[in-house]
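Heads up: the structure comes next, in structure tokens.
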Amino acid sequence: MTLRVYAILYLVFLYAPIVLLPIFAFNDATVIAFPLSGFTTEWFRAIPETPALIRSVQTSLVVAVSSALLATLLGLCTARAGARYAFPGKRPVTGFIMLPLVLPEIIVAVALLVVLLALGLPLGPWTVVLGHTLLCTPFAVAILGSSFNNFDPALEEASYDLGESRWATFRLVTLPLVMPGIVSSLLISFTISLDEFIIAFFLTGTEPTLPVYLWGQLRFPQKIPVVMALGTILVALSVLLLSVAELFRRRGLARTGAKDTGGFV
Amino acid sequence: MSIISLSGVQKHFGDYHALRGIDLEIAGGEFFSLLGPSGCGKTTLLRVIAGFEDVSEGTVLLSGRDMEGVPANRRPTNMVFQSYAIFPHLSVAENVGFGLRRAAMSRGEKAAAVEEALGMVGLAGYGARKANALSGGQRQRVALARALILKPKVLLLDEPLSALDKKLREQMQAELRRLQRSVGITFILVTHDQEEALIMSDRIAVMFEGRIAQLADPQTLYRRPVSRQVAQFIGMMSFLPGRIAGAEVTVAGLGRASVEDDQCPAGRADGDVSVGIRPELLSLLAPGEDTDRQLAHGAVTERTYYGDMTYYDVALDGTDAEVTISMKNLPGRAVLERGDAARVAWDARSLVIFP
Ligand SMILES: Nc1ncnc2c1ncn2[C@@H]1O[C@H](COP(=O)(O)OP(=O)(O)OP(=O)(O)O)[C@@H](O)[C@H]1O
Ligand SMILES: [Mg+2]
């Protein structure tokens, strides 16, 4: 009983601020305070009239799509190698790839910044992609690793035995069976990259990503409701993407006939 | 000419020596079984023939052609996997027709070939089903049809029946045998079930620890095993200490008998030996029953009832060793109790001599 009360309180504290987001996004006042004064969609309509905001959204989308693709590709190779082959140093190497999962982001961000500056590389969207790929790869490896572990290696051998080449086997058997994992990895990586702030803040150049831009706007109180409106859209988008990702993960499990052994959502 | 010819095949997995010198000739159209306990290297040997594993030493010839460097997708062999490896995202027909993708056939010809293969395994009309929606026995048939549609020279089967329940397994044993006769393809079956091997095979290779201990037809294997290890793996056998001198053997608890050369499959030499005998080749006599077979005396120490049969452990007079005797439960035949005196009838020709 106490555990249940604790769990409910925990969830309330965790999600209450998110519920406040749409409430104030539709509130007819520039001051973020109760009581609410009235309903408006003005803040949402203000979004397209801010060019810098649109640019930051574009930057964020490019960064998120690139990071998701790169992380998923790396995750695919890592997960397949991990599931199929035994090689010396497998454990330490895997641990090393998963490290960003537990490392404080601020450390990753500062370390990358130092290295990039030392190399004399200019900061820009691509350096953010670099950082985000690093951050998303462990998630991709975890998701795709579960896809490959639920995958009977005899399936690939059977295709090979029936006369297909290694590449055709990958295309005809492996890819369709891990496709739900790939989609789910793409979506989760995309979501992580889209709302990541610390690494983006350190590595972004003159073209800020959306979260960095939003943070800059918080200094101007009259802009806060617009930020709230955008935040609402982002939350809705994230929830949608994560749900779709989970759907694909479950569909993949059903397809390979495996037991559900967790997942991220 | 033999269709498969292995000589001096060795396989190392790192430090582990999985195959330790395999020589094997298998004829075309033969139903051949690899039988042995878990971990003896049966699957490894099958995978060497299929091309999934390279040999560390030795040669593999298929139809006289050296298979060194020939990958699995270009060998005239097909495999039925232990897990069946049915592609879960394809229909039954797509599974069965998978190997025809690159064949020079029209769509219609392919569909006809798939239907024919399905008919062969008793699944005609199942083509449109999802592979996921099949029972264990049906999956096994799909795996068979998928491998047979390519008309391989050799079909390799890795414990294809071990996942089925007993009834279905017995039915599939008969069907596999019938199928093999009708297609005339060489089957190599891996199993650790001695009964299955005896029922189905033309010849059986018994393997222990990466070596072939004996290669023979089922009858020879059962009646004249070359070692105690083989004898115990195939059916049940009791062993009594004995001593051989010339043509005569003296067996503790039984007595004297003359043995012929075929009763010494591992060779004959004067000295101490171990004498083996199968439970069904000994009989317990009812009180007062006469026999013209040789007679020994002892006492029942254990009795196990199997319904159609009763197995007795009997301690023979004059030795510590016990023998097991199986008796059919015929009408009117009394079942002996523990501690009852036992009169045991036996024949010299039933003995097998091991060094
Ligand atoms: N890829 C591998 N790497 C290392 N060792 C292996 C490999 N494949 C097989 N072995 C080892 O070789 C030995 C023989 O294996 P194999 O699978 O051939 O046995 P088996 O006779 O088929 O047994 P089972 O009846 O359990 O299937 C086993 O001890 C196994 O651990
Ligand atoms: Mg095996």
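Just so it is clear, none of the values below were taken in a lab; they were calculated from the coordinates. Bear in mind that the values here come from a model prediction, so they are computed numbers and not experimental data. Don't worry about glycine lacking a Cβ; one is built from the backbone with ideal geometry, like all the others, and counts go over all protein chains shown.
Here are the numbers for the structure shown:
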read-out	value
Dipole magnitude of chain B, debye to nearest 20 (Cβ charges: Lys/Arg +1, Asp/Glu -1, about Cα centre)	1760
Scaled radius of gyration (Cα, divided by 2.2 N^0.38 Å) that region A:113-177 gives	1.76
Computed FRET value (nearest 0.05) for A:Glu49 with A:Ala83, which takes r as the C-beta separation and R₀ as 60 Å	0.75
Value of Rg/Rh across chain A [Cα atoms, Kirkwood radius]	1.04
Note, ³J(HN,Hα) from phi for region A:62-68, Karplus 6.51, -1.76, 1.60, rounded to Hz, x at Gly and Pro	4, 4, 5, 5, 4, 4, 5
Debye-sum result for chain B in log10 I(q)/I(0), which assumes one identical scatterer on each alpha carbon, at q = 0.06, 0.07, 0.11, 0.12 Å⁻¹	-0.31, -0.41, -0.85, -0.94
Region B:56-72 - phi-based ³J(HN,Hα) in whole Hz, Karplus 6.51/-1.76/1.60, Gly and Pro as x	7, 8, x, 10, 10, 10, 10, 6, x, 9, 5, 8, 4, x, 8, x, 4
Normalised alpha carbon radius of gyration of region A:30-102 [divisor 2.2 N^0.38 Å]	2.00
Average beta carbon contacts from partner chains per residue of A:179-190, 10 Å cutoff	0
Debye, to nearest 20: dipole size of region A:50-256, +1 on Lys, Arg Cβ, -1 on Asp, Glu Cβ	140
Per-selection metrics, the protein assembly as shown (Cα): Rg and Dmax in Å	36.0, 117
Extension gain from A:Leu101 to A:Trp215, taking 0.36 nm per residue of separation minus the Cα-Cα distance	38.6 nm
Chain B, helix-only ellipticity at 222 nm - DSSP H runs n ≥ 4, -39,500 (n - 2.57), divided by all residues, nearest 500	-6500 deg cm²/dmol
Peptide ranges A:152-159, B:201-208, A:172-179 listed from the most packed, as the mean C-beta count within 10 angstrom indicates	B:201-208, A:152-159, A:172-179
For A:168-174, mean number of other protein chain Cβ atoms within 10 Å	2
Normalised contact order of chain A, rounded percent, pairs of Cα under 8 Å and 6 or more residues apart	29
Relative contact order, percent, chain B [alpha-carbon distance under 8 Å, six or more residues apart]	15
Peptide-level mean, for B:142-148, of C-beta atoms on other protein chains within 10 Å	1
Calculated log₁₀ intensity ratio I(q)/I(0) where the Debye formula runs over C-alpha points of region B:236-354, q = 0.14 Å⁻¹	-0.57
Ordering of A:98-107, B:345-354 by burial proxy (mean other Cβ atoms within 10 Å per residue, highest first)	B:345-354, A:98-107
Dipole in debye (nearest 20) - the protein assembly as shown, about Cα centre, beta carbon charges: Lys, Arg +1; Asp, Glu -1	1920
Lys/Arg +1, Asp/Glu -1 at C-beta; the protein assembly as shown dipole; positive extreme among B:Gly242, A:Phe170, A:Leu186	A:Leu186
Among B:Val344, B:Gly255, B:Thr77 - extreme Cα towards positive end, dipole of the protein assembly as shown, charges at beta-carbon	B:Thr77
Compactness relative to 2.2 N^0.38 Å, alpha carbon Rg of region A:166-214	1.75
Region A:229-235 - phi-based ³J(HN,Hα) in whole Hz, Karplus 6.51/-1.76/1.60, Gly and Pro as x	4, 5, x, 4, 4, 4, 4
Amide hydrogen neighbours beyond the local backbone of B:Ile4, cut-off 5 Å, H modeled	B:Ile26, B:Ser63
GluC sites (Glu not before Pro) within region B:261-355: DSSP coil, no more than 16 neighbouring Cβ in 10 Å	B:Glu289, B:Glu337
Acute angle (nearest 10 degrees) that the helix A:105-119 long axis makes with the longest principal axis of chain A, alpha-carbon atoms	80
Helix axis angle, B:166-183 relative to chain B longest principal axis, alpha carbon, degrees	60
Cα-based helix-to-principal-axis angle, B:136-148 vs chain B, degrees rounded to 10	60
